[in-house]
Amino acid sequence: MSAVDLEPADAQGYLKAADAAQAGGHTDLALAYCQRAAALEPNLPAVYTAALTYAEGAKEVKADAIAWASENLLRRDWTADAADVHAD
């Protein structure tokens, strides 16, 4: 979580915090960190793929998080790995 404290405007810091939150069993917090990272860097596919991974492993289905991440992944034209990102 210290990456968020040190670099609050850094999407990668929020992704690290999301990973830590998920590892601690806090899926809702992990998804919130992903959304914050996306607000900072909306064209970073790792934000949306991480959110989908976290939502998939949640005890309860997070339909709004799945819709948000899926829509953002599919509506963007990713550079070199677009086909892979869309396929995943």
Exercise for review: Quick one: which helices (runs of 4 or more DSSP H) lie wholly within the chain and hold at least 1 residues that are at pLDDT 90 or above?
Suggested key: 11-23, 27-40, 45-56, 63-75
Check your understanding: If only one of G13, G25, G57 is free of Cβ contacts under 8 Å to residues at least 40 places away in the same chain and on the phi > 0 side of the Ramachandran plot, which one is it?
Key -> G25
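The values are calculated or read from the model by the stated rules, or taken from the named source; none is laboratory data. Only a predicted model underlies this, so the values are computations on that prediction, with no experimental measurement involved. Using ideal geometry, Cβ is built from the backbone for each residue, glycine included, and neighbour counts are taken over all protein chains shown.
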